Amino acid sequence: MSDYSRRNIIAAGAMAAAASAATAAHAASFGNPDRPPQGRRNLANAIAGEDPGPQNPTLAGQFPSFQDPPATDVAGMDLFWASFSNAHKRIQSGGWAREVTQADFAISEAVSGVNMRLGPGGVRELHWHQQAEWAVMTDGKCRITVLDGDGRAAVRDVKEGDLWYFPPGLPHSLQGIGSSGAEFTLVFDNGRASEFNTLMLTEWMAHTPPEILAQNFGMPERVFQNIPMDNLWIYQAKDPVPPLAEAQRAVASPLGEPEFEFTFSMGEMKANKVTKGGSVKIVDTRNFPISKTIAAALVTIKPGGLRELHWHPNADEWQYYIKGQARMTVFNTGPRAMTADFRAGDLGYVKKSFGHYVQNTGTEDLVFLEIFKADRFQEVSLAQWLACTPPELVAQHTNMDPSLIRQFSKARWDVLPA
């Protein structure tokens, strides 16, 4: 064998050894990219990972990803988990309500949420807000009344899966109907908005001089002598709820019906996307024109499915988990990444343009709402972005074979598997 051939063999062997070492090093760090290394897998001694101090096991058990985060989590982030389940209820004769505002959920700047129950005949008294109110029915039936800015009234009955939207300043009421009443979740397009700080009919009348009330309504002062001195908020109606048609006749105006419909049946709409992994329904101004400040998506993920890696370029995302259980990792600059767990009644929040995914970690369908303070739903898919970028350029970023990158789907799947 010549010296030249021998040198080639030695050089080739050295290159192979180096490649093998590099591959081994990469394998050791894959899924654990940061220095110093993160996660339980890096413990030098198992005892260091124990937690013998004071604990609330019930609470800790709700957050397995906080107790034992994946090795890809790094640094800290603003807490993006909250829940109606630990929010204080205000209970009155006609029902109850609980809320999560920015005061409780610091990251939630764009919207606040209220969970409310009205028993059969229970009434949320006549009132209005400085913010828009978007709502989803989660149980039972409810009657809504509203007057638009041109003096046109509407009365509607809504059921589970239906939505309503009241623009800022429009006066309205809510009443549970049927044998089970109603439960729903309200979203206000301001993180500081509170259900306990609304403009209510009873309070305004009680704080208006009697002679002014008399002049305003063209009635003697004595007509108003029994008005409530305290607000009603949520009360039990004494009279039965009249049939819908009768209520609509009573408020009929010569001006006709409002220009825009205040309600929408999300439960009955066809899904925008259906895959093997689940489905997505999108509601925004394209199919619910009056909802100018709130866009929404109802997401269903089957067991083992994944809400694909994505972000939203136009608005923060407020999440309301309705059914099942989930795990979500949120990615930010820094790098920073954190994983949290969610169950029915919980709330999540993802800042505009932060990357994230949602994984169904349970044995039943995961159902949750994505809410955006925007007129339209917008989304960027990581896989679609890379599929729509020159393969050679992506290959330089990922050390992947361009032929594999060409297999990425140019369609946005939303929920996987496709």
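The values are calculated or read from the model by the stated rules, or taken from the named source; none is laboratory data. Here the structure is a predicted model, which is why all the values come from computation and not from measurement. So basically every Cβ, Gly included, is an ideal-geometry build from the backbone, and we count neighbours across all protein chains shown.
Quick notes on this structure:
- Residue check for Ala135: surrounded by fewer than 19 Cβ atoms within 10 Å (Cβ to Cβ) and free of Cβ contacts under 8 Å to residues at least 60 places away in the same chain: no
- Checking each residue of region 143-157 against the condition of being closer than 30 Å to Asn86 by Cβ, basic (Lys, Arg), at pLDDT 95 or above and over 22 Å from the mean Cα position of the chain (by Cα) gives no match.
- Ile144 in a strand (DSSP E or B) and surrounded by fewer than 17 Cβ atoms within 10 Å (Cβ to Cβ): no
- Meets criteria (β-branched (Val, Ile, Thr), surrounded by 16 or more Cβ atoms within 10 Å (Cβ to Cβ) and in contact with a helix residue (DSSP H, G or I) (Cβ under 7 Å, 6 or more places away or on another chain)) for Val394: yes
- Failed item, numbered, when Pro313 is tested on (1) under 17 Å from the mean Cα position of the chain (by Cα); (2) crowded, with 16+ Cβ neighbours inside 10 Å; (3) not in a strand (DSSP E or B): (2)
- Residue among Gln359, Gln378, Gln407, Gln384 that alone is touching a residue at least 24 places away in the same chain (Cβ under 8 Å) and in a loop (DSSP other than H, G, I, E, B): Gln378
- Close Cβ contacts (under 7 Å, 6 or more residues apart or on different chains) running from residues in region 34-61 that are within 19 Å of Asn86 (Cβ to Cβ) to residues that are surrounded by 10 or more Cβ atoms within 10 Å (Cβ to Cβ) comprise Ala60/Gln67.
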